[in-house]
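Comments concern the structure below.
The values are calculated or read from the model by the stated rules, or taken from the named source; none is laboratory data. Computed from a predicted model, the values in this text were never measured in an experiment. Backbone-built Cβ (ideal geometry, glycine too); neighbour counts: all protein chains shown.
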Amino acid sequence: MSDCKPKCIPCDPGICKTIDCESCVLDNPKLYRKIVGSLIYIMTATRPDLCFVVTKLSQYMSKPTINHLGLAKHVLRYIKGTLDYGLKFGKSEAGLKLTGYCDSDWGSAEDHCSITSYCFKMSTHGPLISRKCKKQRVVALSTCEAEYVAISHAVQECDFLAKLYADVTGYQRDTIMLCHIFSLNFEFVL
């Protein structure tokens, strides 16, 4: 894959539809498992932009198909095109303020479980300090319910980060902004 043509996005926007298309099961799934295992390591260590697609690919480790391998190679092509991307930690010119973003999809998986995603940062232009993309344990009956589950997971992480921030800085209370994809913004004090 070192001589492949790079891609500009980590996955096909219609990945939820294309990942479940019928395709032949791989005779030897070791290559697929090695690729996805490496992507999990990269995602966890330095590449939060891969979180959604790697979560999707990791759900098919037991019986990967040729289609799944193609999607994994697409991610490798994206990495090839974004080798210069990185996280930059520096001193913030503005004050520190914990800000979070959360969202979910509604039942796009085969088992109708939604996926929750959230991330947090400490300054306007700073890097992410916490993030997660995880399948919900419950089957949401509506988009509203899926969003409430996502917000509740984000608030739990926000509570932990606020307490950690208070321990490190000595400040006991600060307003925290939690933004939702549909421009629903919540400000609260923990």
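Brief remarks follow.
- Evaluation of residue 53 against (1) over 26 Å from residue 126 (Cα atoms); (2) buried (at least 16 other Cβ atoms within 10 Å of the Cβ) (one fails), failing number: (1)
Each row is one residue, and each column tells you yes or no for (1) more than 18 Å from the chain's Cα centre (by Cα); (2) modelled with pLDDT under 85; (3) aliphatic (A, V, I, L, M).
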{"site": "85", "(1), (2), (3)": "no, yes, no"}
{"site": "101", "(1), (2), (3)": "no, no, no"}
{"site": "119", "(1), (2), (3)": "no, no, no"}
{"site": "124", "(1), (2), (3)": "yes, yes, no"}
{"site": "130", "(1), (2), (3)": "no, no, no"}
{"site": "143", "(1), (2), (3)": "yes, yes, no"}
{"site": "156", "(1), (2), (3)": "no, no, no"}
{"site": "169", "(1), (2), (3)": "yes, yes, no"}
{"site": "176", "(1), (2), (3)": "yes, yes, yes"}
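- Filter result for residue 64 (in the same structural domain as residue 29 (by TED's automatic domain parsing), in contact with a Lys or Arg (Cβ under 6 Å, 6 or more places away or on another chain) and not β-branched (Val, Ile, Thr)): no
- Residue list for the stretch 1-23, restricted to those being crowded, with 16+ Cβ neighbours inside 10 Å, closer than 16 Å to residue 58 by Cα and either in contact with a Gly (Cβ under 8 Å, 6 or more places away or on another chain) or touching a residue at least 60 places away in the same chain (Cβ under 8 Å) (or both): 10, 11, 16
- Test: residue in the stretch 65-78 that is within 30 Å of residue 126 (Cα to Cα), within 19 Å of the chain's Cα centre (by Cα), surrounded by 16 or more Cβ atoms within 10 Å (Cβ to Cβ) and aromatic (Phe, Trp, Tyr): yes
- All positions within the stretch 133-166 that are surrounded by fewer than 18 Cβ atoms within 10 Å (Cβ to Cβ), without any contact (Cβ under 8 Å) to a residue 60 or more places away in the chain and charged (D, E, K, R): 137, 145, 159, 163
- When residue 105 is tested against (1) out of contact with any helix residue (DSSP H, G or I) (no Cβ under 6 Å at 6 or more places or on another chain); (2) outside the structural domain of residue 158 (by TED's automatic domain parsing), only condition (2) is not met.
- Picking from residues in the stretch 114-129 that are polar (S, T, N, Q) and buried (at least 18 other Cβ atoms within 10 Å of the Cβ), the one that is farthest from residue 54 (Cα to Cα) is 114.
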